[in-house]
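Before any comments, here is the structure.
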Amino acid sequence: MNAVRYAEQLVYPSKVLCVGRNYADHIKELNNPFPEQMVVFNKPNSSITSTLRAFHQEALHYETEICFLVENGLYTAVGLGLDLTKRTLQSQLKQKQLPWERAKAFDGAAVLSRFIPLQGVSISDLQLELFINSVRVQCGGVAHMIYKPEEILAELKTYTTVCDNDIVMTGTPQGVGEVHQGDRFLGRLKCADQVLIEVEWLAE
């Protein structure tokens with residue numbers, strides 16, 4: 001089982017629960033229709049990693065997301081993640097009205113930072129930033145989400161058991177793009193103007 005770091009310990013999520021199309025500007029940039037209901041999909045434990053790769057059978061695209069760790073049915077910790085996507089394959093699957101798993105749930109598709117406790121953190125003020133080679137390419141936060149984090153968790157519970165240490169990824173703002181080998185990624189998770197987490201990934 002793959003693990004993520006929460007405070008000073010390792011925890012082992014059974015799955016990663018993901019929300020797609022949760023920022024209006026991102027929906028527009030990919031020319032997707034606005035969903036009538038929440039778009040959800042899963043990544044297995046085998047997708048979890050701390051290593052960013054640029055290629056897995058085809059070029060990969062990054063999507064930076066605010067992520068939450070669940071315990072006793074509640075969010076207890078927050079982190080930052082990259083939802084890696086095989087965009088060409090995903091487009092082919094969508095055209096055929098087939099599921100996305102092959103493009104979203106492969107090994108190494110969920111690149112995650114450490115997680116920190118939510119105590120004292122205002123979820124509504126959370127924001128993310130992503131810089132690639134010192135250029136800011138993504139910026140957004142809870143204020144821009146179509147479905148807020150608590151709505152997401154409530155919806156997930158209507159159809160699946162959210163186990164202790166499961167991770168919820170809440171969607172990505174506009175600015176997604178291709179990962180290139182050697183790219184240096186710098187992600188920041190902020191609460192208002194305070195930086196909570198800063199994480200670097202070097203694309204392999």
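Scan segment 162-178 residue by residue and report those that are open to solvent by 20 Å² or more (accessible area, probe 1.4 Å) and assigned to a strand (DSSP E or B).
Result: GLU178, single match.
Among the residues of segment 179-186, are any assigned to a strand (DSSP E or B) and either modelled with pLDDT under 95 or surrounded by fewer than 19 Cβ atoms within 10 Å (Cβ to Cβ) (or both)?
Yes, there is a match, as at least one residue in segment 179-186 is assigned to a strand (DSSP E or B) and either modelled with pLDDT under 95 or surrounded by fewer than 19 Cβ atoms within 10 Å (Cβ to Cβ) (or both).
Can we say LYS94 is out of contact with any Asp or Glu (no Cβ under 9 Å at 6 or more places or on another chain), among the basic types (Lys, Arg) and within 16 Å of CYS191 (Cβ to Cβ)?
No; evaluated as a whole, the condition is false for this residue.
Which number in (1) aromatic (Phe, Trp, Tyr); (2) more than 18 Å from ASP83 (Cα to Cα); (3) surrounded by 17 or more Cβ atoms within 10 Å (Cβ to Cβ) marks the one condition that TYR159 misses?
Every condition holds for TYR159 apart from (3).
Taking LEU196, is it over 14 Å from the mean Cα position of the chain (by Cα), of a type outside the set (Lys, Arg) and closer than 18 Å to VAL78 by Cβ?
yes
Restricting the search to segment 124-140, which residues are open to solvent by less than 70 Å² (accessible area, probe 1.4 Å), of a type in the set (A, V, I, L, M) and under 20 Å from ARG184 (Cα atoms)?
Answer for segment 124-140, where residues must be open to solvent by less than 70 Å² (accessible area, probe 1.4 Å), of a type in the set (A, V, I, L, M) and under 20 Å from ARG184 (Cα atoms): LEU128, LEU130, ILE132, VAL137.
Name the single residue, out of those in segment 5-22 being within 21 Å of VAL142 (Cβ to Cβ) and at pLDDT 90 or above, that is most open to solvent (accessible area, probe 1.4 Å).
Among those that are within 21 Å of VAL142 (Cβ to Cβ) and at pLDDT 90 or above, it is TYR6.
Which condition number does ALA103 fail, the rest of (1) assigned to a helix (DSSP H, G or I); (2) crowded, with 18+ Cβ neighbours inside 10 Å; (3) small (Gly, Ala, Ser); (4) in contact (Cβ under 8 Å) with a residue 24 or more places away in the chain being met?
The single condition ALA103 does not satisfy is (4).
Kindly evaluate GLU71 against the criterion of being open to solvent by 10 Å² or more (accessible area, probe 1.4 Å), acidic (Asp, Glu) and over 20 Å from GLU151 (Cα atoms).
When the stated conditions are applied, GLU71 does not pass them.
Need pairs with beta-carbon distance below 7 Å; first residue under 16 Å from LEU82 (Cβ atoms) and within segment 6-20, second among the small types (Gly, Ala, Ser); sequence gap 6+ or separate chains.
Close Cβ pairs satisfying both conditions: VAL16/SER47; VAL16/ALA110; VAL19/GLY171; GLY20/GLY171.
Could you tell me how many of the residues in segment 29-57 are more than 22 Å from GLN138 (Cα to Cα), open to solvent by 40 Å² or more (accessible area, probe 1.4 Å) and among the charged types (D, E, K, R)?
Adding up the residues that qualify gives 1.
The values are calculated or read from the model by the stated rules, or taken from the named source; none is laboratory data. Note that the structure is predicted; figures quoted are calculated from it, not measured. Every residue, glycine among them, receives a Cβ derived from its backbone with ideal geometry; neighbour counts consider all protein chains shown. All accessible areas refer to the heavy atoms of the entire protein, side chains included, with ligands and DNA or RNA removed. Shrake-Rupley method; radii C 1.70, N 1.55, O 1.52, S 1.80 Å.
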